[in-house]
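The values are calculated or read from the model by the stated rules, or taken from the named source; none is laboratory data. Only a predicted model underlies this, so the values are computations on that prediction, with no experimental measurement involved. Cβ atoms come from the backbone with ideal geometry, glycine included; neighbour counts cover every protein chain shown. Side chains included, ligands, DNA and RNA excluded: accessible areas come from the protein's heavy atoms. Shrake-Rupley method; radii C 1.70, N 1.55, O 1.52, S 1.80 Å.
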Amino acid sequence: MSRLVPMFEARSMVVVGASDREGSFGARLAQATLSAGFKGQVSFVNPRGGEIMGLPALPSLSELDHAPDVAVLGVGGANLERALLGAIDKGAKSAVIFDACHGDGLLDRLKSIAAEARIPVCGGSGMGFINTRSRAVASFYDAGHLKPGGISLIAHSGSVFTVLGMNDPRFRFDLMVSPGQEIGATIDEYIAHAAGRATTKAIAVFMESARNPQGLIDALKLARAKGVPVVVCKVGRTEESARLARSHTGALVGSNAAYAAVFEECGAIAVDTVDELMNTALLCASGRKPGPGGVGLVTDSGGLREMQVDLGSETQTPLARLSPATLTALRAALPPELEPSNPQDCAADLTDEFPKVFERGLKMLADAPEVSMLGLEADFRDDYVYEPGLLDLAKSLPTLTTKPCFVYSSFCLAHNRRLADELADLEVPYLNGATTMMTAVRKVQAWADAPRWEAPEVAPWPGQLRAKLDEFASLELLCGFGMATVQSVVCQTAAAVAEAASTLGFPLVLKTAEGIDHKSDSGGVILNLRDMAGLTTAYADLSRRLGPSVIVQTMVERGIELTFGCVMDPDFGPLVMVSPGGTLVELFDERQCARAPFGDAQAEAMIRRLRVSRLIDGVRGDAPRDMAAAARSLAAFSQACAALRSRVTEIDVNPVVITASGAIAVDALIVTKEA
């Protein structure tokens, strides 16, 4: 059982620092605690005693006659340590702290106290929590107006907690929590707890960082296993934003690429803004999951239909491609002046038949197997509904289909909060803004369609590593993990170079082996040597300029070049990157990342997301290269990175040449921790 159960399912709360002084923080806190009609026991503590909000106030926490489920500590930093220890002495099962806990090591001491007592503490520097179903309010914001819903909101930022939680009635919450500095519980615990609630249908997370990285991975995978979508707006994606996040909550903000890889691996939905966060969560909160296909849209405007077609193409949002059978059914159901399409304009003449045309169009799309979600747009405003029959149709959407369904407006500032609230009572999401709607649809469909990759088991590598691995040693090590690498021989003399040539055969490449990392920049690579005379001349030149130690290497046939890279992320371990290699970098500035290890199928999916993959598949009559070999090579590289994670800091393989018959790693550099 989650250790957060006593917090969120509290039957008793004590508020330390409650007050009856109008306008004070303590008064706000006391009022908020009672605002939603909590049925459990509420106790107030104030040194002056007396009465607060009609309840007697205890002069001291020590006079409490029971162990509270939640101790709400509304006191300043000077009194926090004593208050938390007092609550623990009374047997409190959880606590909430609002103070920012700055200065004189206070935050660290509070964390130590919470850890020793094994008590979850929400905060500090947060807004507490609200359980809309039990009506437990451990915050200083009134919550009497909130209606229960399917979204659990977890926001590191207190301002985001209030802006998203208190602003628009269409967003309905199961839990709301502001973990702040995470004194005694980390964000992964809140995610896991919400995922375990039958009443939570979607989890919306505004996150600065993960203080327990493995816990975050486990919590996200738990939510995925339970079918609960987790929508995450991760801030700190830029260096300056990360610096501000550290100063805000003291959280260390890791690599954005690593977080993105973790979200994809664990099935979370990553978004960039709070608008995307809430609208995507809203679409998920019905608990309905889209099947394969794309969204079917019915609108009352030909012009908006055309705009949505443009947006769908530009944003790669999956609009359902209607089958011939569906087009035929629409043709038969619609007036002749309306062309069957998706989005479908159903605005015919304003007669008694007007709403019935929309109903027929919706039913045709709802029944189409290629349609995974259903959306309806009409001019619904709080002060004007031009056709009441359409509003009735909007309210009945969940009865028309078991697929996810929603109402939307192409205008993001549409005046429809009251109507959205009314539709929310019927579990019909109302999304504002065509771009926002498209983003939510795209994200939810991608979440539903995402494959679940099984990571292979990889044991730590037991061998020994030299402090510095040159190109030859790096390629040799990677070859041992199953990567195909170019044939190479290290030589120190002209005679050894000649012997290597007779073994390998021409054409050859000659490279300096004098410890220069960027050999080409120093003129340390000579390509396409086709006979012994050319090789001898090249070695004489190279040894004179850079030294006698060289690598003689088979000349690999021309192909499509990729780069494989790996860095050891301090939070999430080996992070593998694949991108175009060689001169293709100048044409395709792109990369894909994933945590190691992974298998061939995931490796191929990563490569196929790169535009350069079209060249591997063959374009304009060019013969295709071996994509399967490229995927095997990348997967083997990832497994090498996982096995070496405790021994190295980074690995670079550039290029890996993809030919019609294989994938060959030509150059590599492994940087060990010792180096």
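Key figures
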{"quantity": "Alpha-carbon Rg with Dmax, taken over the chain, Å", "calculated": "31.1, 103"}
{"quantity": "Convex hull (Cα only) mean projected area of region 503-559, reported in nm² to one decimal", "calculated": "4.0 nm²"}
{"quantity": "Rounded to 5, the percent of DSSP beta bridges in the chain classed as antiparallel", "calculated": "50 percent"}
{"quantity": "Average accessible area per residue (Å²) across the chain - probe 1.4 Å, nucleic acids and ligands excluded", "calculated": "42 Å²"}
{"quantity": "Distance histogram for region 529-648 (every C-alpha pair counted, 10 angstrom bins, percent rounded to whole numbers)", "calculated": "12, 32, 26, 23, 7, 0"}
{"quantity": "Accessible heavy-atom area order of 373, 1, highest first, probe of 1.4 Å", "calculated": "1, 373"}
{"quantity": "Quarter of the Cα convex hull surface for region 78-192, i.e. its orientation-mean projected area (nm²)", "calculated": "7.2 nm²"}
{"quantity": "Test item: Cα-centred dipole of region 24-83, Lys/Arg +1 and Asp/Glu -1 on Cβ, debye", "calculated": "200 debye"}
{"quantity": "Net +/- balance of residues flanking residue 295 in space, Cβ distance below 14 Å, scoring K and R +1, D and E -1", "calculated": "+4"}
{"quantity": "Rg/Rg_globular for region 389-436, with Rg_globular taken as 2.2 N^0.38 Å and Rg from C-alpha atoms", "calculated": "1.10"}
{"quantity": "Computed magnitude of the charge dipole of region 328-397 (debye, nearest 20; Cβ of K, R +1, Cβ of D, E -1)", "calculated": "300 debye"}
{"quantity": "All Cα pairs of region 1-124, percent lying beyond 24 Å", "calculated": "22 percent"}
{"quantity": "Prolate/oblate/rounded call for region 333-450, Cα gyration tensor, a/c under 1.5 rounded", "calculated": "oblate"}
{"quantity": "Percentage of interatomic Cα-Cα distances in region 435-500 larger than 15 Å", "calculated": "74 percent"}
{"quantity": "Span from the region 629-675 Cα centroid across to the region 541-575 one, whole angstrom", "calculated": "10 Å"}
{"quantity": "Given charges at Cβ of Lys, Arg, Asp, Glu: the chain dipole, positive-most of 88, 38, 140", "calculated": "88"}
{"quantity": "Counted charge near residue 215, where neighbours are those whose Cβ lies closer than 10 Å (Asp, Glu -1; Lys, Arg +1)", "calculated": "-2"}
{"quantity": "Under 29 Å from the Cα of residue 289 - lysines, other chains or at least 8 residues apart", "calculated": "147, 201, 221, 226, 234, 356, 363, 395, 403, 443"}
{"quantity": "Distant-in-sequence amide H partners of residue 43 (H built 1.01 Å from N, under 5 Å)", "calculated": "13, 14, 15"}
{"quantity": "Cα-based shape type of region 176-225, given that a ≥ b ≥ c are square roots of the gyration tensor eigenvalues and the cut on a/c is 1.5", "calculated": "oblate"}
{"quantity": "Cysteines without a disulfide-compatible partner [the chain; Cβ-Cβ under 4.7 Å]", "calculated": "101, 122, 233, 266, 284, 346, 405, 412, 479, 491, 593"}
{"quantity": "Accessible surface of the chain, 1.4 Å probe, proportion on carbon and sulfur as whole %", "calculated": "52 percent"}
{"quantity": "Kirkwood Rh and Cα Rg combined as Rg over Rh, evaluated for region 363-420", "calculated": "0.99"}
{"quantity": "Modelled FRET efficiency - R0 30 Å, residue 198 with residue 367, Cβ distances, 0.05 increments", "calculated": "0.50"}
{"quantity": "With all protein chains modelled, accessible area of residue 360 [1.4 Å, Å²]", "calculated": "80 Å²"}
{"quantity": "Dipole axis of region 441-494 (+1 Lys, Arg; -1 Asp, Glu on Cβ), positive-most option in 485, 455, 445", "calculated": "445"}
{"quantity": "Efficiency of FRET between residue 415 and residue 503 - r from beta-carbon atoms, R0 51 angstrom, step 0.05", "calculated": "0.05"}
{"quantity": "Theoretical ellipticity at 222 nm over the chain - DSSP helices of four or more residues, -39500 (n - 2.57) apiece, nearest 500", "calculated": "-11000 deg cm²/dmol"}
{"quantity": "Linear extension gain, residue 446 paired with residue 396, 0.36 nm per residue minus alpha-carbon span", "calculated": "15.3 nm"}
{"quantity": "Of the chymotrypsin sites (Phe, Trp or Tyr not before Pro) in region 406-441, those whose Cβ has at most 16 other Cβ within 10 Å and which sit in DSSP loop", "calculated": "411"}
{"quantity": "Cα-centre dipole for region 1-140 with unit charges at Cβ (Lys and Arg positive, Asp and Glu negative), debye to 20", "calculated": "400 debye"}
{"quantity": "DSSP-defined antiparallel bridges as percent of all bridges, region 368-486, nearest 5", "calculated": "20 percent"}
{"quantity": "Dimensions in Å of region 1-46 - Rg and Dmax from alpha carbons", "calculated": "12.0, 41"}
{"quantity": "Dipole of the chain, positive end: most advanced residue of 621, 671, 54 [Cβ charges, Cα centre]", "calculated": "54"}
{"quantity": "Length gained when the stretch residue 661-residue 39 is fully extended (0.36 nm per residue, less Cα-Cα span)", "calculated": "216.7 nm"}
